[in-house]
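Please read the structure below before turning to the comments.
The values are calculated or read from the model by the stated rules, or taken from the named source; none is laboratory data. Treat the numbers as computed from the prediction; the structure is a model and nothing was measured. Neighbour counts are summed over all protein chains in view; Cβ atoms, including those assigned to glycine, are modelled from backbone coordinates with ideal geometry. For the accessible areas, the whole protein counts, side chains as well, though only heavy atoms, and no ligand, DNA or RNA atoms are used. Shrake-Rupley method; radii C 1.70, N 1.55, O 1.52, S 1.80 Å.
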Amino acid sequence: MDLYMMNCELLATCSALGYLEGDTYHKEPDCLESVKDLIRYLRHEDETRDVRQQLGAAQILQSDLLPILIQHRQDQPLFDAVIRLMVNLTQPALLCFGSVPKEPSFRHHFLQVLSYLQAYKEAFASEKAFGVLSETLYKLLQLGWEERQEEDNLLIERILLLIRNILHVPADLDQEKRIDDDASVHDQLLWAIHLSGLDDLLLFLASSSAEQQWSLHVLEIVSLMFRDQNPEQLAGVGQGRLAQERNTDVAELEALRQREMAEKKTRALQRGNRHSRFGGSYIVQGLKSIGERDLIFHKGLHNLQNYSSDLGKQPRRVPKRRQAARELSIQRRSALNEGGKREKAQQHDETYYMWALAFFMAFNRAASFRPGLVSETLSVRTFHFIEQNLTNYYEMMLTDRKEAASWARRMHLALKAYQELLATVNEMDMSPDEAVRESSRIIKNNIFYVMEYRELFLALFRKFDERWQPRSFLRDLVETTHLFLKMLERFSRNRGNLVVQKRKKKKKVLDQPVASGNVPSSPEELEAVWPSLAEQLQCCAQLSLDSMVPFDAASEVPVEEQRAEAMVRIQDCLLGGQAPQALTLLRSAREVWPEGDVFGSQDISPEEEIQLLRQILCAPLPRQQGPEERGAEEEEEEEEEEEEELEMVQVSEKEFNFLDYLKRFASSTVIRAYVLLLRNYQQNSAHTNHCVVKMLHRLAHDLKMEALLFQLSLFCLFNRLLSDPASGAYKELVTFAKYILGKFFALAAVNQKAFVELLFWKNTAVVREMTEGYGSLDGGRRPPVWSPEEEAQLQELYLAHKDVEGHPELWDLSLLPRRSSTSGQDVVDAILAHLNTAPRTRKQIIHHLVRLGLADSVKDFQRKGTHIVLWTEDQELELRRLFEEFQNSDDVLGHIMKNITAKRSRARIVDKLLALGLVAERRELYKKRRKKLAPSSLRMKRERRAQKQNKPREAPSFQLQTLGKACIRKVSMWAGGDVSVSLLPLGFSTPLLWLQNCLIRVADDRKEDGCSQAVPLVPLTEENEEAMENEQFQQLLRKLGVRPPASGQETFWRIPAKLSPTQLRRMAASLSQPEEEEKLQPGIEPEVPGEQGAEEEHHKEHRAQALRALLLARKKKAGLVSPEGNGRSAYLLSIYCVPAMLI
């Protein structure tokens, strides 16, 4: 639809408003209804804002609404409706479209609406319109709060919003084409507001305590009124040109004159325009061409200075997301000396307050400084408020990438406010009033004492990103840092001994009960220590000792994962000679972690306990690092990622040293920002260039770190500066450049590698090596070089210990073979315990393993379960919200882990939910089981995995050959044995053990209670839950007689009530792994052909002994072994008879 062809209904409605005859407007009888219809049309416009564009093209506001507002203000209903319609029509384009559209068609509509708004602003630049608004607002404000109706408050707010909308319209510089010191449309609007007396009403609303509800509207209007003004220039209006401004103009004219004279001199030295055909070619010695020869130049010598290797090359395109932020300020002066433009912020945002704070404090400082007028904002609370907002804006700039530019502008406003606060405090130091100077001293003492205010500028330099923050932000940051350092240096010099706050983050490390120097490490030393420990253990083995807690209840590591730490604590007690405490810990750990009999079985004898403690004493258990090793690693490489730990902040005081504080700025990140700003030295002001040179001079001269500035890009900038014809106007820059170049060439005469160092940014350590000699920082900090023998030992230890990790039941306690694993959790600790080389740290070993190609990344060796991170208040609120949102879903914990912002482990989230009281027990968070079979793809994978097995299963045989082989194949003879054998290669050994324990517990309960009822099998782990959904595992359950859940009524499988305790125990015994039963028969040869070496036979014998003890403990618990201990044949025959019992 052509927007200039007006809709017929809209045209009829506009025609029914009235008509203008000369200067008199005649309204129609149904004018009020027509205005309401227009409001209704605007409410239902489409996304292109078609109604708004048609009304703007028809100039309804200029030709109808403004005359009705001025000439028919006595008609109160019509006046209210016209004000409503005007507020809607003058709504900012950004609010209409949400943001500046990127699509070309919508951007065209956006610009069209913006052009109509600029026409509305020009139409409002008259005293009559604002006179009507001022009179109406004055009458409404005369009414007391008890006389005002709700309609009166609405009309006041609409008038203020209309004024806000008109002032918010940006200027169209191309359309106005104003010159400097000429009145723009915005100036004319301000002049009309002043003539109508509306500015006095705004001052009344801002100062009256009874009208505080309009304070934010007034603040927004005032900020829009002065958004194009410079407070320093505004303060000097009517006083003639300031001396500083005159000096600036003289310096600019002098620079232009010098450039012009240099160009004239260059043109005079050039040859005539007529080209000689015999000009010749020249060889430029020292400048290589594409090959190895010198460059050949085919033009005149006067053109040689313009030669560049980049001539003719395609310019490199910079991606849009990496381009520098654009400056959005308006560089012109109006009749009121307007300067930089302040960007729009959200309605009723704190940025309006920050702008007002910076503007009026700067105005007060420039125009007869009076501290009493700004005393309300001069407080430590204001500094804290701005510092907190600076940090918040930066975090939002990182998270909200779509609005990063907007958050960067707010960050700039906060920095300007902070700069003005410092400038005002600095101005108070020069006040003749002693009370004002004392107030300034108190404020500075509080600011310089707190560490956050001193670290603020360092953080801003490190966080500077030119993609979002323009050069104006960097300029203000450099000037503010210069002011802060000048104030801090003067204050610390006058005070003599300034005491400031110091905060140190102390990392919490695990306690090491035994000092590393006193721990016996060799087997001979451990054997020598054991007799004394054995005597103590024999004395207290028969006694009943007080129980101890073997785990850390305050730790966020789940109790199930603290078995390894408990084993280490037992060993530490033995090494420290505390045998009774070690025995108590062993018994307590057995009660907490009975699974797998890691700490011994429940009916273990005292002699077996002593032998188990001896094995724990001699076992090479993985340990956590000590504080010295951790500190050495942090000094070795600071850039590596560290493990998250609980950090305790210790607050202390120290005497302030200005040079030590200045050393914090000696980093490549800060220097890059200063060099980036110095590149535009021609456009910078003299004060900005002075601030840059002063900081670089502090680093180079005061800290004796000239080598920090030895960088090729900075030297190219110095070359451009020294060859600039107008370099006489930058005397300070030229002097500093010559000083740095002189220091460099003096160093290059001694250190020839200085030319190579020009290519890199440097830190303080590199600077020291450049000046004092390479290798001067070794001093024991650098690790010794790995010899080939040490590398061979490291590779051997890694291959030997890489499979033992995180499984305390696999540590050399029972001489069990190491089981394969996928992660590398404790392999480094095992290597540290066995490495017989020069002292190495954990990080050195990890990096060398990666360098040797034995590991892919350093992250493969991160410890699991040791990250302790505190929960913040916002994270707790987020966790509560997510729990309330997903508490009715099937997988509460899974949804929380997927949507939570700060990623944490499953165990930490469960512990936090329990601590907050959101759940009573862990089982409430388990994933609800769905009654459906495994997906077809998963079944196909499992079938393919079963087909790839190399061992063929034997067919059931019911013939009794020999007692030994019958016992070995007792599972194959059972009707469900073939199913259990097929489950073992699929990794269902743990679910089978869980099923066996469930059967034993149900048997014990039925024997004690004497009553039987169906008992559900409730899987409490994901591994068991997956097994219960597996078809082969369900087939095993059916063979055992376990009943599946009833359709629609039950969820879990149930052990029937008809099974007796004896049958349950025999069923549990039949689930023992066949491999373990085969290992119990040392005299029976395996069926797999081939011979084994002596070492494998010896290893197999130890494994058989360990498994025999483990199975014996299980059978005792099941009640299937006679007390005399010689019921082995009866036990085997009972297993053989299981099929008959089940059938």
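Say we look at segment 720-761 and pick out the residues that are open to solvent by less than 20 Å² (accessible area, probe 1.4 Å), closer than 19 Å to residue 692 by Cβ and part of a loop (DSSP other than H, G, I, E, B); which of these is modelled with the lowest pLDDT?
Among those residues, the one meeting the criterion is 726.
May I ask you to say which residue of 610, 604 is assigned to a loop (DSSP other than H, G, I, E, B), modelled with pLDDT of 75 or more and open to solvent by 10 Å² or more (accessible area, probe 1.4 Å)?
Just a single option satisfies the conditions, and that option is 604.
Can you confirm whether residue 717 is surrounded by 17 or more Cβ atoms within 10 Å (Cβ to Cβ), in a helix (DSSP H, G or I), touching a Ser or Thr at 6+ places or on another chain (Cβ under 9 Å) and not basic (Lys, Arg)?
Criteria not met by residue 717.
Mind counting the residues in segment 397-416 that are of a type in the set (A, V, I, L, M, F, W, C), over 17 Å from the mean Cα position of the chain (by Cα) and more than 22 Å from residue 383 (Cα to Cα)?
Count: 1.
May I ask you to verify whether residue 60 is in contact with a Lys or Arg (Cβ under 9 Å, 6 or more places away or on another chain) and within 13 Å of residue 82 (Cβ to Cβ)?
Spelling it out, it is not the case that residue 60 is in contact with a Lys or Arg (Cβ under 9 Å, 6 or more places away or on another chain) and within 13 Å of residue 82 (Cβ to Cβ).
How do the pairs read when you match residues in segment 687-703 that are part of a helix (DSSP H, G or I) with residues anywhere that are surrounded by fewer than 16 Cβ atoms within 10 Å (Cβ to Cβ), using Cβ under 6 Å and keeping only pairs 6 or more apart or on different chains?
Listed by first residue and then by second, the contacts come to 693/732.
Can you name every residue in segment 895-909 that is modelled with pLDDT under 85 and either among the polar types (S, T, N, Q) or farther than 25 Å from residue 400 by Cβ (or both)?
Of everything in segment 895-909, those that are modelled with pLDDT under 85 and either among the polar types (S, T, N, Q) or farther than 25 Å from residue 400 by Cβ (or both) turn out to be 899, 901, 905, 906, 907, 908.
Scanning segment 424-435 for residues that are open to solvent by 20 Å² or more (accessible area, probe 1.4 Å) and assigned to a helix (DSSP H, G or I), which turns out nearest to residue 460 (Cα to Cα)?
426
Check 105, 126 and return the single one that is within 26 Å of residue 406 (Cβ to Cβ) and modelled with pLDDT under 90.
Residue meeting the stated conditions: 105.
Collect the residues in segment 558-570 that are open to solvent by 10 Å² or more (accessible area, probe 1.4 Å) and touching a Leu at 6+ places or on another chain (Cβ under 9 Å), keeping them in residue-number order.
Passing the criteria: 564, 565, 568, 569.
Surrounded by 12 or more Cβ atoms within 10 Å (Cβ to Cβ), under 26 Å from residue 992 (Cβ atoms) and modelled with pLDDT of 55 or more: which single residue out of 922, 880 fits that description?
922
With the checklist (1) among the aliphatic types (A, V, I, L, M); (2) open to solvent by 60 Å² or more (accessible area, probe 1.4 Å); (3) at pLDDT below 90 in hand, flag the one item residue 794 doesn't pass.
(2)
Across segment 136-152, what is the number of residues that are in contact (Cβ under 8 Å) with a residue 40 or more places away in the chain, part of a helix (DSSP H, G or I) and open to solvent by 40 Å² or more (accessible area, probe 1.4 Å)?
2
Within segment 704-714, track down each residue that is touching a helix residue (DSSP H, G or I) at 6+ places or on another chain (Cβ under 6 Å) and part of a helix (DSSP H, G or I).
Passing the criteria: 706, 707, 708, 709, 714.
For segment 438-463, how many residues meet the condition of being open to solvent by 20 Å² or more (accessible area, probe 1.4 Å) and closer than 14 Å to residue 490 by Cα?
Selection size over segment 438-463: 2.
What residue, of 398, 378, 357, is aliphatic (A, V, I, L, M), in a helix (DSSP H, G or I) and in contact (Cβ under 8 Å) with a residue 24 or more places away in the chain?
357
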